[in-house]
Amino acid sequence: MSAERIPDDAPGNALFPEFETLYDLIAPEVEGLTDEQLDWTSDEWEWAHWSIRRQTSHMASLLYRWLIVRWVDTIFPDGDHGVEDVEGLATSDNDRALDVRYHDMDVILGKLREGLSMAQSVLAERTAGFLRDNTLVTEYNAERALVVSAHPHGITLDAEAGTETTTLEATFRHMYFEETTHLYNIQRLKRAQGLPTVVEVPRVGYWMLDGWDRSEP
């Protein structure tokens, strides 16, 4: 994410070049783990309630949930997103993760790669101005105040109106912040199992907020 002001007529990917390398940041951290390591959880820390497999599954699913469910009318008004199993990828009842049919880690990573490729295509095909000008209005939730504070602009909480207004630009920033934060959680899950970590997590996102639970094993 560039700190410089990107012109409105610039392609959207000028705002978020990080999406081009995000898969290669995430995949090495989870590849080569056993099923036991992937499914390990603990009640000792709240962040350990979701396993590495569940964390990664959520990281894949959230891309489809935002782009082809919440923003579909803006991004894909003709429904031409090309995603066949929307229910299984984005709207399943499996706790904001992929459907249980997508259990194998190689399959999960494949869906993560596809979701990130879709995000990159959206960014390349839209301008920065388009991302800034289009907004999504959802229900106000006071508990999101900490998360919203991570965004320099693009999200407005209105308690009186009972709404939260988010630009498409802020949505991409949110997705990136989610990915980095869950990658940080994956590394904590590995450390709790005595496993070495592989990558350096970018020091941006929700996990860097003052007040975020950064407890360690």
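Asp43 satisfies every condition listed in (1) part of a loop (DSSP other than H, G, I, E, B); (2) under 17 Å from Phe172 (Cα atoms) except (2). Among the candidates Glu160, Glu200, Glu178, the residue that is of a type in the set (Asp, Glu), loosely packed, with under 15 Cβ neighbours inside 10 Å and within 20 Å of the chain's Cα centre (by Cα) is uniquely Glu200. Residue check: Leu131 meets all listed conditions (1) within 22 Å of Arg53 (Cβ to Cβ); (2) aliphatic (A, V, I, L, M); (3) touching a Ser or Thr at 6+ places or on another chain (Cβ under 8 Å) but one, namely (1).
Scan the range 125-136 and tell me whether some residue there is over 23 Å from Ala10 (Cβ atoms) and either out of contact with any Lys or Arg (no Cβ under 6 Å at 6 or more places or on another chain) or surrounded by 19 or more Cβ atoms within 10 Å (Cβ to Cβ) (or both). Within the range 125-136, none of the residues are over 23 Å from Ala10 (Cβ atoms) and either out of contact with any Lys or Arg (no Cβ under 6 Å at 6 or more places or on another chain) or surrounded by 19 or more Cβ atoms within 10 Å (Cβ to Cβ) (or both). Can you find even one residue in the range 167-185 that is closer than 23 Å to Asp24 by Cα, free of Cβ contacts under 8 Å to residues at least 40 places away in the same chain, assigned to a helix (DSSP H, G or I) and out of contact with any Gly (no Cβ under 6 Å at 6 or more places or on another chain)? Checked against the condition, which is being closer than 23 Å to Asp24 by Cα, free of Cβ contacts under 8 Å to residues at least 40 places away in the same chain, assigned to a helix (DSSP H, G or I) and out of contact with any Gly (no Cβ under 6 Å at 6 or more places or on another chain), the range 167-185 yields at least one hit. If you scan the range 191-213, which residues turn out to be of a type in the set (Lys, Arg) and touching a residue at least 24 places away in the same chain (Cβ under 8 Å)? Result: Arg191, single match. On inspection, Arg188 does not qualify as touching a strand residue (DSSP E or B) at 6+ places or on another chain (Cβ under 9 Å), within 29 Å of Trp45 (Cα to Cα) and in contact (Cβ under 8 Å) with a residue 12 or more places away in the chain.
Read the figures in this text as sums done on the coordinates, not as results from a lab. Source: prediction; values computed, not measured. Don't worry about glycine lacking a Cβ; one is built from the backbone with ideal geometry, like all the others, and counts go over all protein chains shown.
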